[in-house]
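First the structure, in the form of structure tokens, and then the observations on it.
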Amino acid sequence: MNARTKLAAALASAALVVAQLGLPSPAAAAPPDYTTAEAGNPFTDGWYADPDTAVYNNTFWVFPTTSKGYSEQTYLDAFSSTDLVTWTKHPNVLTTARVSWASYAMWAPAPVQRNGKYYLYFAANDIQNNSSLGGIGVAVADQPQGPYTDAIGRPLVSQFVNGAQPIDQDVFIDDDGQAYMYYGGWGHANVVKLNADMTSLGQFADGSTYKEITPSGYVEGAQMFKRNGRYYLMWSEGGWTGPDYSVSYAIAASPTGPFTKLDKVLAQDAAVAKGSGHNSVVNVPGTDTWYIFYHRRPLSETDGNHRQLAYDRMVFNSDGTIQRITMRVKDNFADGNALGWKTYGGGWTATNGRYQADNSLGGKALLDTNFGDFTYDADVTVTAGGGDAGVAFRVTQPAVGADSYRGYYAGISPAGAVKLGRAANNWTQLGSAAMTVAVGTAYHLRITAVGSSIRVYAGDMATPKISVTDTAYAGGATGIRVFNAAAAFDNIAVGAPTGTGTNLAQGRPATGSASCGASEGPEKAVNGSTGGGNSDKFCSSVAGAWLQVDLGSSRAISRFELAHAQAGGEQAAYNTRAFTISVSDDGSTWRQAVAVTANTAASTVHPVSGVSGRYVRLAVSTPTQGADGATRIYELRAFG
């Protein structure tokens, strides 16, 4: 097994497992090959965290922590799916009632199959010192869904060793059959060998039982997998209740390291979710298709325990390094639910692979997102009525009522038109175009919004039906809406702008001078949002502050845009006064494209001609209009 051996007994052993358990074999299906959870993240209902994964009998299993207060964390649930779309909940696969020494804080279950048994490693009691009872335990069952029972009647690891709190375990079986357990909290990580019985610890060749493998930045949540003969250690950084929770990784030639941090591959996205971390991975058996499973917190949630399960595609570069994960926003409703959507008026039902809205005067459903620059795709079918149906975007302050929100809406109507307008507890039409719309026919609607530019496509994706400039709203939620019509919606997708005039910098790797704080790093200036509040910016108090973006390859650039302090809601006095923008092919030799010496505006647009390069660099010489020395950049955009 040359990928993740903890996904033991996947396709190759399916027949054996079926015979042992007497279970019906799931029907053969094409291996899942998605860009994300195509039926929407979160993919399960409820507050959960710390997902770990396994593949048993052609079925994908997810074992998470129940995300509640410590005293309520007395049980573990599991979820299974044959297609990564429709999930079945298996409640109470393990409870403290079946573990004599465990009382609460049952965390981070780690599943693995061996010896005809199913093992589940877990942490309990959140011990704070070596005189407390608790640590990492191991439970065993005869089937993946349990019930699991304590295998040894005591913790497998009950003490702090090398400073590592005994929590957040992950079990990995190497190609030679040797099993390892990686674990540790409080900023320290250890690896131990597991004996063949999977319930006792072995020794390394030097006679030691524990080896510390802590990489730079490690906090908790160790995760190990193997690909093409190389060992990948992933872990979480930051505080688990904070927005900066994230995932980094290292690659080594040995299961015991050394592990040197290469990159942070998963982090919050101010447009999608925060607190993204504590991951696991799934390799679809027989393929090189990989997914990262993790938890994240919705943007509007402030309760640290309000975490949800999500997954996205994980892609490798040709040298084996991992591309930074994009938390994608999609929903095709194939799972028969509308998890993550919140409705305001009207009647809504997810059925037959569509999200169906009853006829109402302004009923809307919104995702908890905060997109500023984006392309938004949706299939819209007016099923009854003479009004219109379509998509809402950059929405804030939503409430029940026809125009009870602030934001934009674009819709199609059987009256023969596509229209665009903005709402602010009233309606202002911004544009309309003639279009034949038949009741019961699906039409593809696309919105591309970049800064003040809004383009509406309907049916024809080459030429916009409506193209306007409007500065009223910079960012907000995305959703769908009906007015005096019933409708069905499908194939929702929101992401970085595409097409002519695309912001090439959005979502690209960014570096910069030392930031004012951990939540104000360079990545904030390329996240496509200015509406995330005071921390939704790159801030640097360093004299000669700089910000650099890697576009991935040499690109022709037609203009640059900068959103300064005032564009993000701060004082005009903090707008960047003097700066240059340069481009480079190699990151070393730079060609100046823009020079500004006396800016006062909140946003600046800089058309250029004959400019191309892979790297874009903003260099600031005068950060504000006065004595304040901090550079504040909410967005750096580079358009093709």
- Can you tell which of 389, 402 is under 17 Å from residue 484 (Cβ atoms) and buried (at least 24 other Cβ atoms within 10 Å of the Cβ)? 389
- Query: Quick check: is even one residue across region 58-70 out of contact with any Leu (no Cβ under 8 Å at 6 or more places or on another chain) and under 20 Å from residue 285 (Cα atoms)?
  - Reply: yes
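Every residue in region 558-590 that is among the hydrophobic types (A, V, I, L, M, F, W, C) and within 28 Å of the chain's Cα centre (by Cα), please.
Scanning region 558-590 gives 560, 562, 563, 565, 567.
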- Note on the structure: Filtering region 58-86 down to residues that are in contact with a Ser or Thr (Cβ under 6 Å, 6 or more places away or on another chain) and either surrounded by fewer than 20 Cβ atoms within 10 Å (Cβ to Cβ) or not hydrophobic (A, V, I, L, M, F, W, C) (or both) yields 59, 73, 74, 75, 80, 82
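Let's see how each residue does on (1) surrounded by 17 or more Cβ atoms within 10 Å (Cβ to Cβ); (2) at pLDDT below 95:
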{"position": "594", "(1), (2)": "yes, no"}
{"position": "598", "(1), (2)": "no, no"}
{"position": "605", "(1), (2)": "no, yes"}
{"position": "610", "(1), (2)": "no, yes"}
{"position": "613", "(1), (2)": "yes, yes"}
{"position": "618", "(1), (2)": "yes, no"}
{"position": "633", "(1), (2)": "yes, no"}
{"position": "636", "(1), (2)": "yes, no"}
- Residue identified as of a type in the set (Val, Ile, Thr), at pLDDT 95 or above and buried (at least 21 other Cβ atoms within 10 Å of the Cβ) among 99, 140: 99
- Item | Residue satisfying all of: in region 462-491; touching a Phe, Trp or Tyr at 6+ places or on another chain (Cβ under 8 Å) and of a type in the set (Val, Ile, Thr); farthest from residue 363 (Cα to Cα) among these | 463
- Since residue 30 meets every condition but one in (1) under 19 Å from the mean Cα position of the chain (by Cα); (2) of a type in the set (A, V, I, L, M); (3) at pLDDT below 95, which condition does it not meet? (1)
- Note on the structure: Considering region 300-321, residues that are of a type in the set (Ser, Thr, Tyr) and more than 18 Å from the chain's Cα centre (by Cα), and then whichever is nearest to residue 53 (Cα to Cα), we arrive at 321
- Note on the structure: Of the residues in region 465-494, those that are surrounded by 22 or more Cβ atoms within 10 Å (Cβ to Cβ) and either β-branched (Val, Ile, Thr) or free of Cβ contacts under 8 Å to residues at least 12 places away in the same chain (or both) come to 478, 480, 482, 492, 494
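Pick from region 239-253 the residues that are among the small types (Gly, Ala, Ser) and more than 16 Å from the chain's Cα centre (by Cα): which of them is nearest to residue 316 (Cα to Cα)?
If we filter region 239-253 for residues that are among the small types (Gly, Ala, Ser), which is where we start, we get 239, 242, 246, 248, 250, 252-253.
Checking the rest, the ones that are also more than 16 Å from the chain's Cα centre (by Cα) come to 239, 250, 252-253.
Numbers: 239: 27, 250: 13, 252: 15, 253: 17 Å.
Among them, the one singled out is 250.
The rows are residues; the columns are (1) out of contact with any His (no Cβ under 9 Å at 6 or more places or on another chain); (2) closer than 14 Å to residue 564 by Cα.
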position	(1), (2)
579	yes, yes
584	yes, no
592	yes, no
595	yes, no
598	yes, yes
605	yes, yes
610	yes, no
622	yes, yes
632	no, yes
- Residue that is nearest to residue 467 (Cα to Cα), among those in region 505-514 that are in contact with a strand residue (DSSP E or B) (Cβ under 6 Å, 6 or more places away or on another chain) and crowded, with 22+ Cβ neighbours inside 10 Å: 505
- Kindly indicate the residue of region 373-386 that is small (Gly, Ala, Ser) and assigned to a strand (DSSP E or B) and also surrounded by the most Cβ atoms within 10 Å (Cβ to Cβ) among those meeting that condition. 378
- Please determine, by comparing only the residues of region 351-409 that are among the charged types (D, E, K, R) and farther than 18 Å from residue 431 by Cβ, which one is modelled with the lowest pLDDT. 373
- Message: Exactly one condition in (1) part of a strand (DSSP E or B); (2) farther than 21 Å from residue 529 by Cα; (3) among the hydroxyl-bearing types (Ser, Thr, Tyr); (4) more than 29 Å from the chain's Cα centre (by Cα) is false for residue 553; which is it?
- Response: (4)
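Yes/no per residue for (1) crowded, with 17+ Cβ neighbours inside 10 Å; (2) among the acidic types (Asp, Glu); (3) closer than 28 Å to residue 269 by Cβ:
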position	(1), (2), (3)
197	no, yes, no
204	no, no, no
210	yes, no, no
220	yes, yes, yes
236	yes, no, yes
242	no, no, yes
- Message: Name the residue that is modelled with the lowest pLDDT, counting only residues in region 551-565 that are over 22 Å from residue 632 (Cβ atoms) and either of a type outside the set (Ser, Thr, Tyr) or buried (at least 24 other Cβ atoms within 10 Å of the Cβ) (or both).
- Response: 552
- Message: List the strands (runs of 3 or more DSSP E) inside region 567-633, counting only whole elements, that have at least 3 residues being under 14 Å from residue 546 (Cβ atoms) and hydrophobic (A, V, I, L, M, F, W, C).
- Response: 578-584, 603-622
- Message: Please count how many residues of region 148-178 are surrounded by fewer than 15 Cβ atoms within 10 Å (Cβ to Cβ) and in contact with a His (Cβ under 8 Å, 6 or more places away or on another chain).
- Response: 2
- State all residues of region 271-293 that are crowded, with 24+ Cβ neighbours inside 10 Å, under 11 Å from the mean Cα position of the chain (by Cα) and not hydrophobic (A, V, I, L, M, F, W, C); if no residue qualifies, say none. 275, 276, 277, 279
- Message: Every residue in region 476-528 that is within 15 Å of residue 410 (Cβ to Cβ) and over 22 Å from the mean Cα position of the chain (by Cα), please.
- Response: 481, 482, 483, 485, 487, 489
- Going by the conditions given, is residue 428 part of a loop (DSSP other than H, G, I, E, B), free of Cβ contacts under 8 Å to residues at least 60 places away in the same chain and of a type in the set (S, T, N, Q)? no
- Task: Under 9 Å between Cβ atoms, at least 6 apart or on separate chains: pull out the pairs that start in region 273-294 with a residue that is assigned to a loop (DSSP other than H, G, I, E, B) and end on any residue that is modelled with pLDDT under 95 and polar (S, T, N, Q).
- Result: 285/58
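The values are calculated or read from the model by the stated rules, or taken from the named source; none is laboratory data. The structure presented is a predicted model; accordingly, all values stated were derived computationally and were not measured. When we count neighbours, we look across all protein chains shown, and the Cβ atoms used for this are built from the backbone with ideal geometry, even at glycine.
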